[in-house]
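Encoded as structure tokens, the structure appears first; notes follow it.
All of the numbers you see were taken from the coordinates with simple rules; none came from a lab. In this text the structure is predicted, and so the values were computed from the model without any measurement. With ideal geometry, Cβ positions are generated from the backbone for all residues, glycine too; neighbour counts draw on all protein chains shown.
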Amino acid sequence: MDLQRWSRRLGIKAEDRRKLWLMVPVFLLCGIAETLNYNGFMTLFNQRFGSANLPYVYIAEAVILPLEAWFMTWLAGRLSKPDLMRAMYAIMTGIVLLNAIILLGMRVTGEDFRFYYPFLFLSSSFVVRQQTILLWSLAVDLCPTQQAKRLMPMFVAAATLGGVAAGIITQIVSPLLGPDWVYALGPVFLLIASVKYRKVIAVYLVPLTLKGSGDSAQEAESLTSMDYFRRTLKSPFLLGVLGMMTIMPALYFLMEFVFLNTAHVAYPDEADFGRIFGIVTTLLFTLAFLLQLVSGRLMALLGASSMLTAISGVYVLSFALVWLLIGSPIVMLAVSGGYMLTYLLIYYSAEPSYQLFYKMLPLQQRDGFRYVAQGIATFMGILLGAGLQFLHTGLGWGFPALAAIGTVGAIGLFALTWIVRQLYMKELVQSVQTLGLAVDLELAESYKGFYRNARTMGAVQAMLQHESEEAREIAINILGRSKDKRYLPELLEKINDESVRVKIASLKAIDLSDADLNAMVKVASLLEDPEPEVRKEVVGKLAQMKHLSSQAFFFLRMKLLDSSPMVVAEAVKAMYLLESAQSYEACYEVIEQLLKDGGEPAIHVCRVVAELNLDRFSPDVEKLLADPHPAVRVAATASLGALKRLKVVPLLIERLPTADQELLRVTTQALVDMGVGVADSLKSMLPDASPQVWRAAVTALSQLLSDEEAKGWLAEHATDKLGNIAATALLPEAYRKLGRPDLAELAEMRQCDLESTIYAGVWALMERLTDEQVVAAIRRALADPDEETQSGGLEVLAEGLGERKLSQKFAAVLLADNDRTAGLTIESAREAVNKSAETSDDWWKEMATELRRGEKGTGMQEEQGILGRLNKVVFLKKVPFFADLSLEELGLIAGAATEEKFPDGYFLLKRGEGNPAMYVIIEGNVELTSISAAGWEGTLGVLGAGEVCGATSALDESPSSVTAQAFFGDIRVLALQREDVTRLVRLYPEIGIGLLRASLARIRLLEEMMMKIDS
């Protein structure tokens, strides 16, 4: 099975593979280094300094932790995030490298500085602790939430496999060379990993940390650490969580102490101790790897609170078993097993559960509570653990007594987790009630912990009668997620709620897959609800009742004539899902008729055809590509893409040069949906493609081609395309040299359009070659008005992002300034224009043709009184409504506008009547008149060339408030129909802003004129 098939099976996307290729080796090698360091310094400390001294170094570590936190805070405040990550990695590598040199130096000289081993322990423990934080912080920063869900298991697997490998290395190296060589191998692996580590930072982290000039530092948290501490003490729930976070690591330190001392007695020889430590490490990380395979299912099954209760139960069993078996021949097996279990559960299962507890708090306060709790728990946990160890080293208590104390402590921990679990249920319900829907989805995973708790579910049921519709909706969502059929009566009752939102939520929560006829009838009673959304949900629910297909068919058939096209389409889909011959026949008949009729119903049916993959209707959908309604053409395009109708690709491509933004986006996605079958066609048309076609083709190919082709052939083609932009960049100045400033302005607009279109395709390719998040950060930096911020973005590109040649060429094009037009002569300007006439770009051809026409003396004149596209664009550019639009957008308006001529006295608008179009006056005058409240009729004003009338009434379909009449002669106008205007406003907000600006000016004029009339 090839790599891409495995990637699809694991849910790995193309952009994920690049991150995995760089980051998995980092986690693997650092996992090996971390475990080798840990095995090495623990063996050396226990064998050469004595495990009896562990409590003292733990106390020292507890004292050092606040200083460590202060140092990290100080360093983070003075370095950027990438520099901080590099500096911390260098510091950690330097520490273990220095320790390795000292250890090997002592070995060579035969010296043994006993006082050095506490320093070795504390410094190496710092490295192990910070290395874990560093790597996971890097992974979280680089991966958006959804990508993190896919990749984190891979990173965890790499780190745990690194631990397994380190355990095997320890078993081999320690008996042969000793634990000091085991430790010395750690920095070697860190140095090897540093190559990819630094590349990860350069490729992903540096772009993400680019700051815009408008970015401001986040406001300081209004609560102080002491405030969080006080609130934690006042909350029984948070105090209980803090207790668990403190006691559990303390018990782990106790188990570790018993294990190390037992192993020291059983294996007094340093080499043997190192070997057994390697065996335990290998088993430990093998178990960790296996645990990762089932941890997600365990969390889903038990929930956070029950998971911690189960972990506490394992702690009780581990200590009890050690207590019972101390002094027996198999005590080493029991102690090592207890050590491995407590280590695994605290670091791989308990920590994620703790994080879920804090999700119930307001988002702005979560980190504050969590960091305060972690700081206190870490400090107190180490001190408590050291105190338990001191019972042996300071007071001489035996290991049976320590195991007994550990058992009692674990029982206390179990009781505490049970109490916290009950408090958690109350807090969860309360948080849902107070924080509302904003937190409902975020806490969805947490709900699994109390579906089996009758008291908690009773509180949820009580919320069904809450006066707040939001609270009722949340309660319904929780009951629906439980998938417990016992709650069906309550949910059925809420479908008649007065709130439409609650009705819809109830219908979504209900599962009718095996419900009875009474439930069907009750749900079907809403088929005539006045809200289309409600009727749609009802239809969807009836489709679930395949066991009562004939009855469901009876109800669904009525909805085929529903007044809402959305409901009709849902009914068609529902009938198909009933999977009966009768329903199939009715479904096909309705689909065929709706596709034939076209219009709005066809839009929804196209989506159903695509969703159900009904390829038999492909010819009918294909006909809709010629439908007069733009929305229908868009829906048909999307449907044909999902159906993989390859034969329509030439037609889709043919429409792209004049496509609006929505059609361009949908066509591009349709090409992607068609799959690799369109790749060859797209590749063949790229060399001579128009800019819009090139952008769509490159964007589609970026997703369809293999990694090798995308980084090779496609990146090379894009690099060449960027080079071609420099040639057309001369044209604005060329037209100025040739005495045509009007064409120079159009050429500048066209060049901007070209650059934005080509750049969009290049950015899409770079997203494939790097990461969407990284590309978005660079684009924000380049668009920032601050020169320093722009320089940072260009520097990242110049370093080589994704494919080096493409990235560097892109940076060079963006850096190019106006010096390239220096020294342009009349001859070279004419040559540049002539070359542009030979390109495939229609705009350059039209401008070159217009230049030649002007040189013959006709200038920008109309032929036979009719404006051509270029003339329309020049005219529209002068209209305030459209002054801020690009050339491509003006071209779309020019294509939608029709030129009309009206005689003197013709009424374009009549007061009190609707009008289907807005008019832009080309030539002539239009008089605006109206009637005041007093009944006086008067002239409001006279509009001339370049002004607009009828825009407001055309947009909102209201009767016109004025009369507009041709005045003093014939008039010529550009007419834009209402449908075209509304679509263009929706796609291009600048048009809407222009309309608003002009309408406000018109309102002011009307107010002034009405005041004159009344006076």
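Descriptive notes on the structure:
- Think of each Lys and Arg Cβ as +1 and each Asp and Glu Cβ as -1; about the Cα centre, that makes the dipole of segment 11-210 roughly 680 debye.
- Only aspartates and glutamates eight or more places from residue 845 in sequence, or on another chain, were considered; those with a Cα closer than 17 Å are 688, 733, 742, 745, 748, 753, 831, 855, 888.
- Residue 265-residue 996 pseudo-label distance in nm [points 7 Å out on the Cα-to-Cβ vector]: 8.0
- If the segment from residue 490 to residue 199 were pulled out straight at 0.36 nm per residue, it would be longer than the present Cα-Cα gap by 99.1 nm.
- 930, 80 arranged by Cβ crowding within 10 Å, fewest neighbours leading: 80, 930
- Pairs from the list 721/835; 19/647; 623/872; 485/546 with a Cα-Cα gap above 25 Å: 19/647; 623/872.
- Label-point gap, in nm, between residue 113 and residue 945 - each point 7 angstrom along Cα→Cβ: 9.3
- At R0 = 60 Å, FRET efficiency that the Cβ-Cβ distance of residue 21 and residue 937 yields, to 0.05: 0.20
- Rel. contact order, % - alpha carbon contacts under 8 angstrom, at least six apart, segment 443-674: 10
- When the P(r) is computed for segment 705-861, the part past 18 Å accounts for 62% of the Cα-Cα pairs.
- For the chain, size of Cβ-based charge dipole, Lys and Arg +1, Asp and Glu -1, in debye: 2920
- Segment residue 600-residue 612, extension gain: residue separation times 0.36 nm, minus the distance between their alpha carbons: 2.4 nm
- Close amide H partners of residue 909, meaning residues 5 or more places away or on another chain with modelled amide H under 5 Å apart, are 964.
- For segment 135-203 versus segment 655-727, the inter-centroid distance based on Cα atoms is 39 Å.
- Based on Cα contacts under 8 Å between residues 6+ apart, the chain shows a relative contact order of 9 percent.
- Net length available on complete extension from residue 647 to residue 71 is 200.9 nm, with 0.36 nm assigned per residue and the Cα-Cα distance removed.
- Excluding the site residues themselves, the longest part of the chain lacking any GluC sites (Glu not before Pro) in a DSSP loop with at most 10 other Cβ atoms within 10 Å is 499-837.
- Degrees, to the nearest 10: 399-435 long Cα axis against longest axis of the chain: 20
- Estimated vicinal HN-Hα couplings, Hz - segment 238-245 in sequence order (Karplus 6.51, -1.76, 1.60; Gly, Pro = x): 5, 5, x, 4, 4, x, 5, 5
- Over all directions, the projected convex hull of the C-alpha atoms in segment 572-645 averages 4.1 nm² in area.
- Residues whose amide H lies under 5 Å from that of residue 923, counting only those 5 or more places away or on a different chain, are 972; hydrogens are built 1.01 Å from N in the peptide plane.
- Where only DSSP H runs of four or more residues are counted, the chain gives -23500 deg cm²/dmol as its mean residue ellipticity at 222 nm, each run worth -39500 (n - 2.57).
- For the chain, the equivalent ellipsoid derived from the alpha-carbon gyration tensor has semi-axes of 66, 40, 27 Å in decreasing order.
- Using a Förster distance of 51 Å, the FRET efficiency for residue 830-residue 584 (Cβ separation, nearest 0.05): 0.15
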